[in-house]
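In what follows, a structure is listed as structure tokens, so that the remarks can point back to it.
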Amino acid sequence: MATPREDVVKAKGLLEEREHVPEGTTMELHALLSCVREIVLTEETVQPWRDVVSLAEQLDTSSAAGVLGLMGAIEEAPTTPLPPRGWLRVDLARTDFARAVNRAVEPVEAA
């Protein structure tokens, strides 16, 4: 079983090869966007987290490149000294979406 990091790296590679987000990942993508919308921005929130929220607001959910950009922005946003409230849910939702991409793109193995 792959680690969450390995799942995300694999999904990013698969998205780089595609023009559109794979079918069958809609629910996980919307869950990710919902979690991003719930991030609590305050005066202390650093710019990278503000960028994550802004990217999510403008995202074309069918665009693999757009979703890949959002995933990268989440990955690059710092978790220290103190990330905004809601960041962990975003990170978990990103992993769930990555796993959905991997399932949607990978061929099903015969038992």
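Values computed for the structure shown
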item	result
Extension gain, residue 92 back to residue 80 (0.36 nm per residue minus Cα-Cα distance, nm)	2.6 nm
Signed unit charges on C-beta, dipole axis of region 4-105, positive-most listed residue 88, 65, 48	88
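Each value in this text was obtained by applying a stated rule to the coordinates, not by laboratory testing. Remember, predicted model here, so these are calculated numbers, not experimental data. Cβ atoms come from the backbone with ideal geometry, glycine included; neighbour counts cover every protein chain shown.
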